[in-house]
Amino acid sequence: MATSDSCVSVSPYFEILPGQAAAFRAICEKYVSWSSREPGCLYYGFSFHGELAHCREGFENAEALLAHIENLRPILHEMGEVSKLLRIEVHGTETELAKLKAPLAGMNPQWFVLEYGVRKHSNS
């Protein structure tokens with residue numbers, strides 16, 4: 001069964017530069033704080049494996065992801081000062097991804113088309 005879920009998820013992977021782990025984590029806290037105020041943000045957080053970091057991001061739709069980028073625009077450069085972006089994946093339906101291809105082209109993401117799935121909504 002095809003999905004009707006419009007959620008867009010993003011997975012950037014970073015290599016933390018030597019000696020920058022504390023600075024990177026401080027930036028993560030700031031990014032999480034800023035993202036928590038966004039109504040279209042479903043989830044946002046960072047996980048770590050040694051000097052590698054992953055940002056787990058989910059948004060209601062493409063428009064919510066673009067609003068997120070605008071929200072973080074004043075501080076986006078900070079992450080690049082203490083880490084190297086290794087790759088970025090964007091997952092969503094073909095319809096939602098089409099809205100993102102031009103705005104995110106400069107990031108050179110890998111595009112993953114969601115074809116099957118279900119998203120449960122919490123009761124809270």
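Worth pointing out:
- When the stretch 46-63 is filtered for residues that are farther than 25 Å from residue 98 by Cβ and crowded, with 17+ Cβ neighbours inside 10 Å, the ones remaining, listed by number, are 46, 53.
- Scanning the stretch 31-45 for residues that are surrounded by 13 or more Cβ atoms within 10 Å (Cβ to Cβ) and in a strand (DSSP E or B) turns up 41, 42, 44, 45.
- Of the helices (runs of 4 or more DSSP H) lying entirely inside the stretch 51-124, those containing at least 2 residues that are over 22 Å from residue 21 (Cα atoms) and out of contact with any Ser or Thr (no Cβ under 8 Å at 6 or more places or on another chain) span 62-72, 94-104.
- Residue 66 meets each of the listed conditions (1) touching a Lys or Arg at 6+ places or on another chain (Cβ under 7 Å); (2) surrounded by fewer than 19 Cβ atoms within 10 Å (Cβ to Cβ); (3) of a type in the set (A, V, I, L, M, F, W, C) apart from (1).
Here's the yes/no breakdown for (1) more than 14 Å from residue 7 (Cβ to Cβ); (2) touching a strand residue (DSSP E or B) at 6+ places or on another chain (Cβ under 7 Å); (3) modelled with pLDDT of 95 or more:
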{"residue": "50", "(1), (2), (3)": "yes, no, yes"}
{"residue": "54", "(1), (2), (3)": "yes, yes, yes"}
{"residue": "59", "(1), (2), (3)": "no, yes, yes"}
{"residue": "75", "(1), (2), (3)": "yes, no, no"}
{"residue": "91", "(1), (2), (3)": "no, yes, yes"}
{"residue": "97", "(1), (2), (3)": "no, yes, yes"}
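- Top-ranked residue of the stretch 86-115 - restricted to ones that are more than 14 Å from the chain's Cα centre (by Cα) and of a type in the set (Asp, Glu), ranked as surrounded by the most Cβ atoms within 10 Å (Cβ to Cβ): 96
- Residue in the stretch 31-43 that is of a type in the set (Val, Ile, Thr) and touching a residue at least 24 places away in the same chain (Cβ under 8 Å) present: no
- Considering the conditions (1) within 17 Å of residue 28 (Cα to Cα); (2) without any contact (Cβ under 8 Å) to a residue 60 or more places away in the chain, residue 102 is excluded by exactly one of them, (1).
- Residue ID - surrounded by the fewest Cβ atoms within 10 Å (Cβ to Cβ), chosen from residues in the stretch 1-30 that are assigned to a strand (DSSP E or B) and of a type in the set (Gly, Ala, Ser): 2
The values are calculated or read from the model by the stated rules, or taken from the named source; none is laboratory data. Bear in mind that the values here come from a model prediction, so they are computed numbers and not experimental data. FYI the Cβ positions are ideal-geometry reconstructions off the backbone, even for glycines, and counts take in every protein chain you see.
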